[in-house]
Every structure is written in structure tokens, then in C-alpha cells.
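The values are calculated or read from the model by the stated rules, or taken from the named source; none is laboratory data. Everything numeric here is computed off the predicted structure, so don't read it as measured data. Here the Cβ positions follow ideal geometry from the backbone for every residue, glycine too, while neighbour counts run over all protein chains shown. SASA here: full protein model, heavy atoms, side chains in, ligands and nucleic acids out. Shrake-Rupley method; radii C 1.70, N 1.55, O 1.52, S 1.80 Å.
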Amino acid sequence: MNTDADFARYARPEFARLFRALNLDVTYLAGRGDHLTAGSPGDSGTEVLDLVGGAGSSLFGHNHPALLDVARRCLDEQLPFNAQASVRPGAAELAERLSAVVGSTTGASYVVTLGSTGADAVEGAVKHATVERRRRLAALQEEFERSLRRIRRDGLADVPCASGPAAGRRCAEVLGEALDRIAGMRRVDPLFVSLRNAFHGKTTGAGSLTHGGNVPADLHVPGPRHRRLDDWAPGAVVTALDAELVEICSISVDAAGVPHSAARRLSPLAAAFVEPIQGESGVHEVPVEVLAALRELADRHEAALVFDEIQCGMGRTGTFLASEGSGVVADYYLFSKSLGGGLAKISALLVDERRYVPEFGRHHTSTFADDDFSSRIATAAVELSAAYRDRIVELGELLRDRLSEVAQRWPDAIVEVRGRGLLLGVEFVLPQPDSGLLREVFDSESLGYLIAGRLLHAHRIRVIPTLSAPTTVRIQPSALLEPAEVDRIATAFEDVAGLLAKGDYATLLEH
Ligand code: PMP
């Protein structure tokens, strides 16, 4: 087998070319804690400090002993993997744990839909919010039909409303118009919003919520109807979709038999999605006021607010939910990445039980959802997240302080260090070399990868840039990182920042 050639031909042709060009065409043979062993089978290999894991998935490092124990026990017990259409204890336990942990912050209880990947959870949320909206509109239609029947039965059809926005208009006409508008709204496709620079995954539905700045237009396949919120000013967020609102009037009859009208609103908005800390666009905290404005937007449209905590949740920032300190509560929460403890592919969509559509769980299924193997590992990962909480906070502060010192020493090379806990990003200044050729090499798409190459080959540290903002290098170590390694990381970034600031591009590129 020729791994390089097979990878290039059968697996990821474009990546193979890119990795070769950037000197990142390495193979990792083993992983333990924060370390990977790079090399070829049979080699003794080279130890690399891994600050990426699975793009934020390795909060507990590679092959954490407690998680390996759980995995081994599952294998030793010959736990069935394929036991669809049965009561699955692992899934039940995980769902209860996730509901309790999130509920301890939000005060709510959740129904948990398990899936395999982050995008899978996002698709589940898109679907559930669509169903929720349909059900709401159908219930509203029934309510207005009932109201119209009552008005007719009580001989009020031609009586004018005594007050409210429809004052002076005949009751039957007001309700007839409302029913027309509800029927019209039921024919309108649901609408979703996400923020500028959002990342929610790459499947068709999730991809339409993702702001794919650096994805070629012809690789974008449209999913559900979507609006991007470019302006994050809280006032602009709250009113962003006001033009979509359709006014209707309901009618209530008082004790004296007099009809009064009241304004109601219909909206096509099904859900607003947000990552409390935007990961892939360069580690940007979404300000609390923006989260609160999104809550208000969702309430204004009776839509669901979805916190995508796939990358920032599970304790990576020092609290189980990255959104915990904001005081803003969402209706749906999404987890994946570190939920699988680095061993299993698993994701979870939590829906507030007061909103959950019971039949959803019957119809939204997958062969690979709910398996006990992944669920048991994930339950153990949730426990680890609590056990490492203090360590994550301490390490995160130490790492951020040390990197901020480097940034202060080299303001010409580093824009800033951002993030919380073990979700940090170092944004580099795009160099402007005199040589036109070098300017081509150091473009905004490749800078982070060139830095990754230097860190890998000169310092044996593995980083990659964030996906849609590749001038930012992500630093997402595990909670097992030794404080002594923080010095090593700071020294490596000092070297790279110095080379960039001094314009020593040759050394940076030589590896
Ligand atoms: N949401 C967020 C916030 C993410 O960071 C990611 C992955 N980077 C996803 C969704 C998609 O997850 P997956 O790659 O497992 O589909």
C-alpha cells in the first residue's frame, strides 16, 4: 500500500496536493494525551504536541485512559452495537445526563436527539424547528376556525369589533382575513437566520447557515431559506426580520357579549442559530448583548433560539456551556466534538421539552444514532468535563497570558489573542513582503498553514488555522496539557512572530 498515493488518488486529491505544498503531509501513528507520534509504520516516530485535536474535539486528549476503559468494557461485555428498535440504556443515561447538566444552568428539561456528527445535530435542529413552526401555524389556524364558528354561532359575524386594531370592522371579515393570512404563511417556506461569520457545518442544511467566505460559490449548495445577520448591533438584530412579520387580528368576546380585537403576528422565521463563541471564523466571542438580542428576535417571531455549542461547549471554556455566563437561555442546544471523548462519533440535539414535538423522535432516526458504545463513552466524557473544570480555567488563563505577552512583544506580527479557557485563537498580521512572489505565497488563505508548517517542523507543535479565517491559528489543547508545555508553546509562537516581524520569510518557509 502506498498511503500518500492512495490518499491523493482515492481519498482527498486536493488536500493531498495542498498538504505536500505546505509540508504538512505527515502521518500520525499514535496519540496519547496531548501528544501524537508522527512517522511511518515501523519508525520510532517523532513526538508532536497537538494543539488542535479534532478541531476542538480533543478536550480530553487522545485515548484518555478513563474513556479507553469504558470502550474496552463495552467490547469485553460484547455490548451489541446494532440494537435498533430496543430500549437502549446507554442512550437513555446520556440523554438524562445532558438534560440535567444543561438544565442545572437553564432550569429547563430537555429531550435529547442523538446523532453522529456536528452537522447531523444542526440538521436535526433545522428539521425540528421546521416541524415546530408548522405545528404552531396549524394550531393557530384551528384556533381561528374555532373562533369564527363561535362568532357565527353567537350571531356576532356582522357585528363590528368594539376596540383594538380592527375596531369598527365586522368580526367575520376580520377572522376570514386572518385565516387567509395564516393559510398564506403556511405555504411560505420556513426561514432561518445565523450571524455573519457563522460556522454550523457543511451538509446542505448546515452549510446554508455557515458563512462560507472562502468557499467557492459553485461549491455552495443551497439548503433551507436563510438570512445572514451582518449587522450585530443589538437593535438591528432584534428588528432584522420585521419586514417578514404579517399582522392578523384575533377576536375575544367580553362578558357583555361585545367583541374586541387584538393584534397577533405571523412569521416565517423557524429558528435563529448562533455559536456563543464563533470558532471557525477565528475565535470570536459573540457579545452578551447580541445573544440577548437574538433571544428577543426569536421571541418576537415565536421561533426557536439555537445555541450551537458543538465546538465551544462541553466545558472547553471552563463552564459546561460557553453561554453559561451570558444569562441568555436558548431553546435548543447542540453538542458534538468533545462529547465523543475523541473516541466516538456522536452529537446531541437538546430541545426544551416544552417545545419538543413527540413524533419527531419517531421519524428522525439514523442507523448510527443511540448506539450504546458511543453513548457510554459520551456519558463518561460529560463526567470528565466536570472533573477537569478548574484545571481548564487555570490552564486557559496561563496560556492566554503567555501568548498575550508574545503578542505585545510583536505587535507587527500578531493582531491579538482571543478566546476563553482552552478555546483560543492567535490572529496574525498578514505580512506584506517587498517581493511580489512572496506576497503571492503569504496570502490570507495560506498564512496560517505556513505558520502551522513552521511550528510543526521547527517546534514539533501541531496547529491549524480556523477554517474560514485562516490568518487565525487555533489553540485548542486538551485539559491534560502540562503547565510546562505552555512555556514550549509560548517559545514557539515567539519564534514565529519574531520571524514574521523581522521579515525573515526564508527561515519561516524553510522548515
Ligand atoms: N458547528 C460548529 C460550531 C462547529 O465548529 C462545527 C465543526 N467545526 C460544526 C458545527 C460541524 O460539525 P461536524 O464537522 O462534526 O459536522
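Pull up the stretch 390-441, narrow it to residues that are in contact with a Leu (Cβ under 7 Å, 6 or more places away or on another chain) and at pLDDT below 95, then point me to the one that is least open to solvent (accessible area, probe 1.4 Å). If we take residues in the stretch 390-441 being in contact with a Leu (Cβ under 7 Å, 6 or more places away or on another chain) and at pLDDT below 95, then 431 is least open to solvent (accessible area, probe 1.4 Å). Taking the stretch 287-314, which residues are assigned to a loop (DSSP other than H, G, I, E, B), within 15 Å of the ligand (Cβ to nearest atom) and not β-branched (Val, Ile, Thr)? The answer is 309, 311, 312, 313, 314.
Being touching a strand residue (DSSP E or B) at 6+ places or on another chain (Cβ under 6 Å), hydrophobic (A, V, I, L, M, F, W, C) and under 30 Å from residue 222 (Cα atoms) is a description that applies to residue 129.
Residue selection: residue 384 fails the criterion of being of a type outside the set (Gly, Ala, Ser), out of contact with any helix residue (DSSP H, G or I) (no Cβ under 6 Å at 6 or more places or on another chain) and within 16 Å of the ligand (Cβ to nearest atom).
Checking each residue of the stretch 110-126 against the condition of being open to solvent by 60 Å² or more (accessible area, probe 1.4 Å) and aromatic (Phe, Trp, Tyr) gives no match. Scanning the stretch 143-161 for residues that are open to solvent by less than 60 Å² (accessible area, probe 1.4 Å) and in a loop (DSSP other than H, G, I, E, B) yields a count of 4. Please work out which residue is farthest from the ligand (Cβ to nearest atom), limiting yourself to the stretch 252-286 and to residues that are over 38 Å from the mean Cα position of the chain (by Cα) and open to solvent by less than 20 Å² (accessible area, probe 1.4 Å). Ranking the qualifying residues of the stretch 252-286, first place goes to 259.
Just one residue in the set 133, 88, 72 is without any contact (Cβ under 8 Å) to a residue 60 or more places away in the chain and either more than 30 Å from residue 178 (Cα to Cα) or not aliphatic (A, V, I, L, M) (or both); that residue is 72. When you scan the stretch 169-190, do you find a residue that is more than 20 Å from residue 265 (Cα to Cα) and not aliphatic (A, V, I, L, M), even just one? For the stretch 169-190, residues more than 20 Å from residue 265 (Cα to Cα) and not aliphatic (A, V, I, L, M): absent.
Residue pairs whose Cβ atoms lie under 6 Å apart, sitting 6 or more positions apart in sequence or on different chains, and linking a residue in the stretch 222-234 that is aromatic (Phe, Trp, Tyr) to a partner that is at pLDDT 95 or above, are 232/290. Quick check: is even one residue across the stretch 346-354 under 19 Å from the mean Cα position of the chain (by Cα), outside any strand (DSSP E or B) and within 13 Å of the ligand (Cβ to nearest atom)? Yes: the stretch 346-354 contains one or more residues that are under 19 Å from the mean Cα position of the chain (by Cα), outside any strand (DSSP E or B) and within 13 Å of the ligand (Cβ to nearest atom).
Only residues that are open to solvent by less than 10 Å² (accessible area, probe 1.4 Å) and not hydrophobic (A, V, I, L, M, F, W, C) were counted across the stretch 471-511, and they come to 6. Restricting 79, 22, 49, 68 to residues that are open to solvent by less than 30 Å² (accessible area, probe 1.4 Å), modelled with pLDDT of 90 or more and away from the ligand (no atom under 16 Å from the Cβ) narrows the list to 49. The residues in the stretch 31-46 that are more than 18 Å from residue 455 (Cβ to Cβ) and open to solvent by 50 Å² or more (accessible area, probe 1.4 Å) can be counted, and the count is 6. In the stretch 197-215, the condition of being open to solvent by less than 30 Å² (accessible area, probe 1.4 Å), more than 12 Å from the ligand (Cβ to nearest atom) and more than 17 Å from the chain's Cα centre (by Cα) is met by no residue. Please work out if residue 133 is open to solvent by 60 Å² or more (accessible area, probe 1.4 Å) and either more than 16 Å from the ligand (Cβ to nearest atom) or modelled with pLDDT of 95 or more (or both). Considered against the rule, which asks whether it is open to solvent by 60 Å² or more (accessible area, probe 1.4 Å) and either more than 16 Å from the ligand (Cβ to nearest atom) or modelled with pLDDT of 95 or more (or both), residue 133 comes out as no. Quick check on the stretch 256-272. Is at least one of its residues outside any strand (DSSP E or B), in contact with a Pro (Cβ under 9 Å, 6 or more places away or on another chain) and of a type outside the set (Asp, Glu)? Yes, some residue in the stretch 256-272 is outside any strand (DSSP E or B), in contact with a Pro (Cβ under 9 Å, 6 or more places away or on another chain) and of a type outside the set (Asp, Glu). Considering only residues in the stretch 82-130 that are away from the ligand (no atom under 16 Å from the Cβ), of a type in the set (Ser, Thr, Tyr) and not in a helix (DSSP H, G or I), the one that is nearest to the chain's Cα centre (by Cα) turns out to be 110. The residues in the stretch 324-345 that are outside any loop (DSSP other than H, G, I, E, B) and either open to solvent by less than 20 Å² (accessible area, probe 1.4 Å) or more than 10 Å from the ligand (Cβ to nearest atom) (or both) can be counted, and the count is 10. Scanning the stretch 3-44 for residues that are in contact with a strand residue (DSSP E or B) (Cβ under 6 Å, 6 or more places away or on another chain) and among the hydrophobic types (A, V, I, L, M, F, W, C), we see that the one that is nearest to residue 68 (Cα to Cα) is 30.
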